[in-house]
Amino acid sequence: MPNEILYRSVNAQTKLLCVLGNPISHSFSPPVMNALISIYNLNFCYLAFAPNDLKKAIEGLKEINFLGANITIPFKENILPLCDSVDQLVEEIKAINTIWFDGEKLQGYNTDIDGIRSALTDYIDQIGSYAVFGAGGAARALCVALKNKNGILVNRTEAKGKKLAEEFGLEYISLTDSPKIVPDIDLIVNATPVGMAGQTISTIVPTSWIKKCTFVFDMVYNPSVTKLVEQAIEYHKNVISGVKMFLSQAAKAFSTWTSLEPDLEIMRSIWREITN
Ligand code: NAP
């Protein structure tokens, strides 16, 4: 007996979406997006690929009429020159996580910033200052979302950290120096993969920093309770979840392709379903 869902729903008219990253086996995007597709009863299918050559992969998707894709590590920056046009936020963040084939034109968007804004929305007025660990695309999106607030940027690679800190008027502190000081900041953000399932180091944020702050935001969403989140709970801090960021950026990407706008409750119910 064929798989009933595929047998009934996938046909020659099915519109194709995917995520491109390398590695990609850890990605939660296929189950989340396929659940959305099913809820809205669309004739779409969302897959995952780990190409070595991004340019060839994009040419292939275009040739076989893919509707769009999510772009993840390590391609979020390399995709920029392959796009025909990008929205204004992409110009600031310099990273793309969602593409849409609009006829012959490839459009690039960054929905990570929508995820960040949604995750911070309840607290934004109480956040005067922040410290971000990391200097990659996610850290850059955070800096754009918190533009004009004071802050500290901590990064392992000095040149990259200093460059981003300077661009957003932040103070740079090296990862090795970070345990030697205790800054007075409202929000701490982990924008590195540290704490993710499979990583050898569980946290890089000094405990003294956590004790002093008010809000802790870990962008890592797998596991949903990281070592950093555990410590934040232990010290009675307000925890901002990487899961909320993930679900909100996914909802925004989905609406880029479909014009449908799934609310956070729908996204949360999908998350509960696929993680239980
Ligand atoms: P990225 O561009 O590759 O940047 C990674 C950053 O983490 C770099 O600054 C890197 O430092 C630092 N880093 C990596 N491994 C480290 C280690 N072992 N110790 C200290 N620093 C380390 O990645 P990204 O796109 O910014 O994403 C970063 C993380 O954010 C992801 O891994 C993911 O966990 C999270 N994220 C979550 C969502 C969500 O929806 N919740 C969305 C996007 C990203 P160097 O400069 O020294 O290499």
Practice task
Report, by residue number, each residue of the stretch 231-276 that is assigned to a helix (DSSP H, G or I), surrounded by fewer than 16 Cβ atoms within 10 Å (Cβ to Cβ) and charged (D, E, K, R).
Solution key: GLU234, GLU265, ARG268, ARG272, GLU273
Practice task
Any chance you could count how many residues in the stretch 218-230 are surrounded by fewer than 23 Cβ atoms within 10 Å (Cβ to Cβ) and touching a Gly at 6+ places or on another chain (Cβ under 6 Å)?
Solution key: 2
Exercise for the section: Give the stretch 64-81 a look and list any residue that's within 18 Å of TRP257 (Cα to Cα) and either surrounded by fewer than 17 Cβ atoms within 10 Å (Cβ to Cβ) or acidic (Asp, Glu) (or both), or say none. Expected result: ILE64, ASN65
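Quick check on the stretch 23-48: of everything there that is part of a helix (DSSP H, G or I) and under 15 Å from the mean Cα position of the chain (by Cα), which residue is farthest from ASN70 (Cα to Cα)? Please lay out each step first, then the result.
The first filter runs over the stretch 23-48 and keeps only residues part of a helix (DSSP H, G or I), leaving 29-39.
From what is left, the residues that are under 15 Å from the mean Cα position of the chain (by Cα) are 29-30, 32-33.
Working: SER29: 8, PRO30: 10, VAL32: 12, MET33: 10 Å.
By that ranking, first place goes to VAL32.
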Handout entry: Long-range neighbours under 8 Å by Cβ, at least six apart or interchain, first residue assigned to a strand (DSSP E or B) within the stretch 49-74, second among the polar types (S, T, N, Q)
Key = GLY68/THR98; GLY68/THR256; ALA69/THR98; ASN70/SER29; ASN70/ASN97; ASN70/THR98; ILE71/ASN97; ILE71/THR98
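Quick one: in the stretch 179-213, which of the residues that are hydroxyl-bearing (Ser, Thr, Tyr) and over 22 Å from HIS236 (Cβ atoms) is surrounded by the fewest Cβ atoms within 10 Å (Cβ to Cβ)? Spell out the reasoning first.
Filtering the stretch 179-213 for residues hydroxyl-bearing (Ser, Thr, Tyr) gives 192, 200, 202-203, 207-208.
Now drop any that are not over 22 Å from HIS236 (Cβ atoms), which leaves 192, 200.
Details: THR192: 26, THR200: 5.
In this case the residue turns out to be THR200.
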Fill in the blank from the handout: Counting only residues in the stretch 104-125 that are within 20 Å of LEU20 (Cα to Cα) and surrounded by fewer than 18 Cβ atoms within 10 Å (Cβ to Cβ), the one farthest from the chain's Cα centre (by Cα) is identified as GLU104
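Would you be able to tell me the number of residues in the stretch 213-227 that are within 12 Å of the ligand (Cβ to nearest atom), touching a residue at least 40 places away in the same chain (Cβ under 8 Å) and either closer than 19 Å to ALA145 by Cβ or in contact with a strand residue (DSSP E or B) (Cβ under 9 Å, 6 or more places away or on another chain) (or both)?
4
What tally of residues in the stretch 233-270 results from selecting those that are under 30 Å from PRO206 (Cα atoms) and within 16 Å of the ligand (Cβ to nearest atom)?
Keep residues of the stretch 233-270 that are under 30 Å from PRO206 (Cα atoms), which gives 233-249.
With within 16 Å of the ligand (Cβ to nearest atom) added as a condition, the list becomes 239-249.
Summing the residues that are under 30 Å from PRO206 (Cα atoms) and within 16 Å of the ligand (Cβ to nearest atom) in the stretch 233-270 gives 11.
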Handout entry: Yes/no for GLU158 being out of contact with any Asp or Glu (no Cβ under 8 Å at 6 or more places or on another chain) and more than 15 Å from the ligand (Cβ to nearest atom)
Key = no
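Checking the structure you have, find out if any residue of the stretch 201-210 is at pLDDT below 95, of a type in the set (Gly, Ala, Ser) and within 14 Å of the ligand (Cβ to nearest atom). Can you show your working first?
Taking the stretch 201-210 and keeping what is at pLDDT below 95, we get 201-202.
Now drop any that are not of a type in the set (Gly, Ala, Ser), which leaves 202.
Of the ones still in play, those that are also within 14 Å of the ligand (Cβ to nearest atom) are 202.
Within the stretch 201-210 (the criterion being at pLDDT below 95, of a type in the set (Gly, Ala, Ser) and within 14 Å of the ligand (Cβ to nearest atom)), the answer is yes, since at least one residue qualifies.
When you look at LEU20, is it within 16 Å of the ligand (Cβ to nearest atom), over 17 Å from the mean Cα position of the chain (by Cα), surrounded by 12 or more Cβ atoms within 10 Å (Cβ to Cβ) and within 30 Å of LEU142 (Cα to Cα), yes or no?
Details: within 16 Å of the ligand (Cβ to nearest atom): yes; over 17 Å from the mean Cα position of the chain (by Cα): no; surrounded by 12 or more Cβ atoms within 10 Å (Cβ to Cβ): yes; within 30 Å of LEU142 (Cα to Cα): yes.
For LEU20, the condition - within 16 Å of the ligand (Cβ to nearest atom), over 17 Å from the mean Cα position of the chain (by Cα), surrounded by 12 or more Cβ atoms within 10 Å (Cβ to Cβ) and within 30 Å of LEU142 (Cα to Cα) - is not met.
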Exercise for the section: Only residues that are within 17 Å of SER27 (Cα to Cα) and among the aliphatic types (A, V, I, L, M): list them for the stretch 242-276, please. Expected result: VAL243, MET245, LEU247, ALA250, ALA251, ALA253, MET267, ILE270, ILE274
Exercise for the section: Considering every residue within the stretch 134-143, establish whether at least one is surrounded by fewer than 19 Cβ atoms within 10 Å (Cβ to Cβ), modelled with pLDDT of 95 or more and either in the same structural domain as ALA165 (by TED's automatic domain parsing) or among the hydroxyl-bearing types (Ser, Thr, Tyr) (or both). Expected result: no
Handout entry: Test for SER85: is it among the small types (Gly, Ala, Ser) and in contact with a strand residue (DSSP E or B) (Cβ under 7 Å, 6 or more places away or on another chain)
Key = yes
Completion exercise
Exactly one of ALA165, ALA145 is touching a Lys or Arg at 6+ places or on another chain (Cβ under 6 Å), over 18 Å from LYS211 (Cα atoms) and within 13 Å of the ligand (Cβ to nearest atom), and that residue is ALA145
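The values are calculated or read from the model by the stated rules, or taken from the named source; none is laboratory data. Here the structure is a predicted model, which is why all the values come from computation and not from measurement. FYI the Cβ positions are ideal-geometry reconstructions off the backbone, even for glycines, and counts take in every protein chain you see.
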